[in-house]
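Here the structure is laid out as structure tokens; the discussion comes afterwards.
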Amino acid sequence: MGRAALSVLPSRMVDATAVRRLARKLPEATDNSSAERLAFEVGGKGFAWTFMERVVPKKPRRPRLDVLAVRCAIEKKEMLIDAAPERFFDDDHYRGFPAVLVRLDRIAEDELRDLLADACSLMAAAKPKRRRAARK
């Protein structure tokens, strides 16, 4: 790896433990993570979760603990991907959906903290989920 490539890597790598620590510090955030995947909510609405990649068409998706989906406005998602495609990306499943995919080994912890805080605030301000009436 050349010197230039090393300079774009974050000084402190983000892993699942760091993501959980950052998300748990957010007001009213709930950690619904398991050993297989990360999942965070506020007010019953997800704001960040493990990317589930479809490796083989028509087969179940597989969790990628090195990639986190984080809710954001579509405009912000597009801006992040354009500005730093080595850190942020999209795939067919998320195209048009207000969440950006984040490569955890390429993002600085403080940048992820801010992204998670924005995502949590965005979802906390969203209308509450409508409860379906119980079937009889």
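Numbers at a glance
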quantity: Segment 11-125 - Rg over Rh from alpha carbon coordinates, Kirkwood radius; calculated: 0.94
quantity: Hits among aspartates and glutamates - C-alpha to C-alpha of residue 58 under 15 Å, sequence gap 8 or more where chains match; calculated: 92
quantity: Under 26 Å from residue 127, Cα to Cα: lysines that are on another chain or at least 8 residues apart; calculated: 25, 45, 76, 77
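Throughout, read-outs are computed from the coordinates displayed, never taken from laboratory work. All figures in this text were calculated on a predicted structure; none of them were measured in a lab.
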